[in-house]
Each structure stands twice: as structure tokens, then as C-alpha cells.
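A quick write-up on the structure given underneath.
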Amino acid sequence: MNDHHDVDVLIAGAGPTGSTLAADLLRRGLRVRLIDKAPHASKGSRAKGVQPRTQEVFEDLGVLHEAHAEGGPYPLAGIHLGPLTAPWKMQQRNRPTPDVPYPNILLLPQHRTDAILHRLLNRLGLPIEYGTALEDFEQDATGVTATLASGEKVRSTYLVGADGGASAVRKATGLGFAGETDASDRTLVIDGTIDGLSRDRWHIWPRASTGACPLPHSDQFQVMIRLKPDDTPDLDEAALAARFQKLTGLRLRDMTWSSVFRPNVRLVEHYRAGRVFLAGDAAHVHTPAGAQGLNTGVQDAYNLGWKLAQVIAGAPDSLLDTYEAERQPIAARVLGKSSELYANLSRHRVSGLKRGDEERQLDLSYRGGPLAPGHSPATKTLHVGDRAPDAPCSARDARRLFDVFRGPHFTLLAFGPDATEALHKLTWPTDGTELRRYAVRTGRPIDDGVLADTTGQLNSVYGITGDTLILIRPDGYIASIVTSDWTTAFTAAAKAFTPTPPRPDPEGVRVGR
């Protein structure tokens with residue numbers, strides 16, 4: 001058995017999912033390699049919608065300002081019906097609230113999302129190894145030995161396949177990928193410039209099964225043309241321009257990327273096979289409707305990263321089983337929703353264009369899962385497993401709760417005098433992820449470790465009615481709500497995801513795990 005490890009985690013696939021996971025692991029101090037069989041990053045717009053919950057993930061990683069600078073709001077739809085163009089609001093434009101600072105989807109082409117995350121990895125000192133394919137791997141009780149196409153062997157504690165719908169990692173595990181692929185249902189996707197077309201609308205020609213969405217901070221559109229079952233498109237630029245002109249009467253030029261997309265709807269049998277994990281499109285593939293696929297993959301990574309770090313630090317291995325238990329049901333629901341929207345679009349129904357709260361992914365919860373049992377205490381507004389909302393507060397270097405959460409740590413909030421008294425008496429392991437503790441007070445002087453709820457909104461948003469401890473996971477979900485018996489209840493909740501402290505032996509020497 002080989003106990004030498006070159007890295008803690010080897011990640012295959014440098015798209016948004018793999019890049020998010022790599023960044024999260026690096027800030028936790030883990031050794032990571034990120035490989036991708038492609039010769040370079042994707043150049044296409046591909047998935048272009050960044051949902052509110054994913055924007056919160058990007059804020060935690062410190063790149064949301066770049067995403068907002070390079071993206072923009074979704075325009076109104078403009079439905080072309082002969083000589084008329086009818087405006088249509090695809091989704092409600094929401095105002096920020098104390099608990100939801102980023103309420104609207106962001107229009108951001110995927111190649112820019114990739115570039116933003118890749119710049120982050122560069123700042124963290126990790127090169128992406130393009131042109132490096134994973135050929136095979138073997139795992140044993142202590143690690144995974146992967147063989148690369150070059151013949152190099154890499155020994156890692158864990159392997160993560162974030163290598164897309166045709167995942168080599170998934171195929172090597174032998175796990176089933178249940179679902180369907182309709183080979184006759186294909187869409188031609190093109191990035192290019194369109195002469196004489198306004199950029200304040202997402203243009204849709206329903207009779208031609210064609211759309212053109214303006215991409216922000218550029219003169220390009222993402223063009224989508226639904227193909228007929230027997231249609232074999234010529235991807236030559238002149239042929240694409242002629243096809244588009246025939247469908248719309250407009251000139252398409254200066255094309256930088258084109259692809260034929262087949263909407264798959266598939267979900268992997270298991271997200272874990274021993275020391276191997278699947279994330280993003282390697283685990284679930286969606287139709288493009290509703291802008292869900294990229295977002296679900298990023299949030300897979302956000303769920304998995306802190307759990308890998310904690311187990312490497314000595315937390316129970318069973319914590320890694322909660323990745324599948326929490327994320328697979330989410331993917332199943334997302335697949336159902338995106339398929340419903342896509343089916344309506346296929347039937348030319350207006351309902352297929354509508355987008356609502358479900359697509360924003362803010363209400364997704366892990367309630368009832370292994371880390372959020374149904375009998376857990378709750379507040380007036382929140383249950384264990386729910387997203388921990390933002391709220392205004394005042395503290396040193398913080399004006400809102402998301403400032404306090406930002407980083408790879410756990411956060412413990414104490415509301416009320418009894419909870420505050422217990423706050424610093426609770427024990428937390430020195431190994432693994434740090435715990436940061438804050439007492440929440442109203443109208444009190446701001447000291448280290450104190451959050452001043454000067455507006456009362458923090459208590460209101462969190463539904464506080466009495467003394468309460470709320471523990472927030474590193475991925476921004478509520479890990480525990482404690483309202484009495486502070487030490488026992490807190491210790492019982494934390495046991496599932498914290499390292500076991502080494503035991504002192506009778507000689508006074510620390511005994512390892």
C-alpha cells in the first residue's frame with residue numbers, strides 16, 4: 001500500500017466547478033493539482049446565467065466584484081412576430097433586501113466566468129495543467145493513484161471528477177448515468193456580431209426557432225438555432241451567416257465560436273465511489289433552460305470543499321457521505337425544473353420563457369438531511385440546513401453578516417445573555433477549520449467579537465425570540481440552532497463535522513487518531 005501522497009486532492013476538469021473547488025481547497029491550505037484534457041480554456045459563451053446563490057459563493061471567494069464588472073443584467077425579451085416585436089419580461093427584476101443582497105440573475109458568458117476563477121487560482125499560486133488527460137486510476141484504503149496521458153502517476157488522498165458530461169472519471173468508476181439523450185434534438189450555438197439588431201432585447205424568432213441574446217460589454221450576441229432532426233449544419237462561417245440571414249433577414253459576422261448542443265438529462269447513480277467524487281456536469285447534466293447547470297455545479301464544489309478539508313484534518317469519514325445526500329436531491333429537482341422549462345420552450349409556450357424564485361436557488365435547503373435532522377430546533381424564520389441569510393450589522397471591518405461569514409471558517413452567533421455567556425466556554429478542535437465567535441447585541445459599543453444589530457434587522461431576519469446559538473457552516477448553511485443545554489447540544493451537533501482531538505496517553509504524550 002502506498003502511503004505517499006503527492007497532493008491532497010487531484011481535480012480533473014478546470015471549468016467553473018473544478019476551478020471553484022480548487023480555489024476553496026487552496027484557501028484551506030490543501031495541496032491541489034488541477035488538470036484538464038483540453039488544450040486551453042473554453043472560448044464560448046456557453047452557460048451564461050449566474051444565479052443569486054452562486055453570486056454569494058463568488059462573493060465569499062472574493063471575485064464577485066469582477067463578475068459584476070464583466071457581466072450585466074438580463075434584458076427584456078423581444079419576440080419577433082412578423083413585422084412586430086413584442087416585449088416580454090422573462091423574469092421579475094427584484095430589489096436587494098437585507099437578507100438577499102443579490103436578488104437577480106447575472107448575465108455573464110461562461111468564458112468570462114472561467115477567466116475570473118482562473119485569475120483567482122493564479123493569485124493563489126495554482127497553475128492549470130491544460131492538455132493533461134486522466135487515463136486511469138486505482139484507489140486503495142489510503143489514497144488514489146491516477147495515471148495521466150503522459151504516463152505520469154499522481155498519488156492523491158482524493159480524486160474529484162469535474163470533467164463534464166463525458167467524464168472520464170465517472171466512466172472509470174462504472175457508476176450508472178441514468179437519463180436520456182435525444183439525438184434528434186440539437187441546437188446550434190454561435191457567438192458573433194449581428195448588424196442592425198438592438199442590444200436592449202433578448203431577441204426571439206419563435207417561428208424560426210431562433211434567438212439572439214446580447215452579451216454584455218461587447219458587440220456580440222449568443223445565437224441559438226434549434227435544428228430539425230435531419231439537419232446537418234455546416235459550421236463554416238459563411239454557411240452559418242447564410243443560415244442566420246435566411247431565418248431572420250439579418251447579417252451575422254465575426255463569429256468567434258460555434259457548437260452543436262444536445263440537451264442531455266442525466267443524473268449519476270452515486271456522487272462518491274470510495275475516495276473518488278463527482279461534481280458538476282460529471283454528476284448531472286441539464287437542458288440549458290433556466291440557467292441551472294453551471295450554478296448547480298459551482299454549489300456542488302462549495303459543498304464538497306470544506307468537507308474534504310475537514311476529513312483530511314481528522315473529521316469522520318461519514319462527513320463525505322453527506323455530500324451525495326445533500327447535493328443529489330438538489331440536482332434531481334433542478335433537472336426536473338429545467339426539463340419542464342425546456343419542454344415548454346419546445347412547444348413554443350410563453351411559460352417556457354418565465355423565470356421565478358426557484359431558479360434563483362436561494363431557497364434550496366438541506367433540511368432533513370444527515371446534517372440537518374428534522375427534529376432540530378428552529379427559529380421563527382430558519383431551520384437547520386437552510387441558507388444563512390445576510391443582514392446588516394456593525395463590527396470591526398464588517399457592515400453586514402456576509403462580511404463576517406467571508407472566508408473558510410465556521411461562524412457561531414450568540415443571541416441573548418445566556419447564549420453569550422456560553423459562547424466562549426464551548427470547546428472547538430484546534431485541527432481543521434477555525435471557528436469564529438460573535439455575540440450579537442443591540443445598541444452596545446462595538447468590541448472585538450461583538451456584532452451590533454443597530455437596526456434590529458439581524459434579529460428579525462434570523463427569527464430570534466430568545467437566547468439562541470446559531471452555527472453557520474463554511475458554505476453558508478445553518479449547521480446548528482441551540483436554545484438550551486448549550487454545551488451538550490452544541491457538542492453533539494459539531495461531532496459530525498469536526499476532527500476528533502488526539503487522546504493524551506498516561507505518559508502525557510499525545511496519541512494520534
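The values are calculated or read from the model by the stated rules, or taken from the named source; none is laboratory data. Model, not experiment: these values are computed from the prediction. We place every Cβ from the backbone using ideal geometry, glycine too, and count neighbours over all the protein chains shown. Accessible surface areas use protein heavy atoms only, side chains included; no ligands, DNA or RNA. Shrake-Rupley method; radii C 1.70, N 1.55, O 1.52, S 1.80 Å.
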Query - trypsin sites (Lys or Arg not before Pro) within segment 1-97: DSSP coil, no more than 14 neighbouring Cβ in 10 Å - result: 43, 89, 93
Query raised in the report: Roughly how tilted is helix 16-26, in degrees to the nearest 10 and between 0 and 90, from the longest Cα axis of the chain?
Result: 20
Requested in this report: Quick one: go through segment 468-490 and flag any residue whose amide nitrogen is under 14 Å from the point 7 Å out along the Cα-to-Cβ line of residue 421.
Outcome: 468, 484-487
Query raised in the report: Angle, helix 293-312 long axis vs. longest principal axis of the chain, Cα atoms, 0 to 90°, nearest 10?
Result: 30
Query raised in the report: For labels at residue 491 and residue 447 in the simple 7 Å Cα→Cβ model, what's the distance in nm?
Result: 2.7
Requested in this report: With a 1.4 Å probe and every protein chain left in place, work out the accessible area per residue of the chain in Å², rounded to a whole number.
Outcome: 43
**Report entry** Within the accessible area of segment 213-324 (1.4 Å probe), percent carbon and sulfur
**Finding:** 49
Report summary line: For segment 176-321 the translational diffusion coefficient, Stokes-Einstein from a Kirkwood Rh over Cα pairs at 25 °C and viscosity 0.890 mPa s, in µm²/s, is roughly 136
Report task. May I have the extent of the alpha carbons of segment 165-233 along their three principal axes, as whole Å values ordered from largest to smallest? Result -> 51, 31, 18
Requested in this report: Taking 7 Å along the Cα-to-C-beta vector as the label spot, tell me the residue 135-residue 166 distance in nanometres, rounded to one decimal.
Outcome: 1.9
Report summary line: With Rh as the Kirkwood radius over Cα pairs, segment 119-159 has Rg/Rh of 1.07
Report summary line: With +1 at each Lys and Arg Cβ and -1 at each Asp and Glu Cβ, the charge dipole magnitude of the chain around its Cα centre, to the nearest 20 debye, comes out at 1260
Query raised in the report: Given the Cα-Cα distance of residue 380 and residue 199 and 0.36 nm per residue of separation, how much length would full extension add, in nm?
Result: 60.7 nm
Query - Label-point separation in nm, residue 254 to residue 3, each point 7 Å along Cα→Cβ - result: 6.2
Requested in this report: Kindly work out what percent of the DSSP beta bridges joining two residues of the chain are antiparallel, to the nearest 5.
Outcome: 70
Query raised in the report: What's the angle, to the nearest 10 degrees (0 to 90), between helix 52-61's Cα axis and the longest principal axis of the chain?
Result: 60
Report summary line: Only helices counted: for the chain, with every DSSP H run of 4 or more residues adding -39500 (n - 2.57) and the sum spread over all residues, [θ] at 222 nm is -8000 deg cm²/dmol
Report task. Relative to the compact-globule scaling 2.2 N^0.38 Å, provide the ratio for the alpha-carbon radius of gyration of the chain. Result -> 1.03
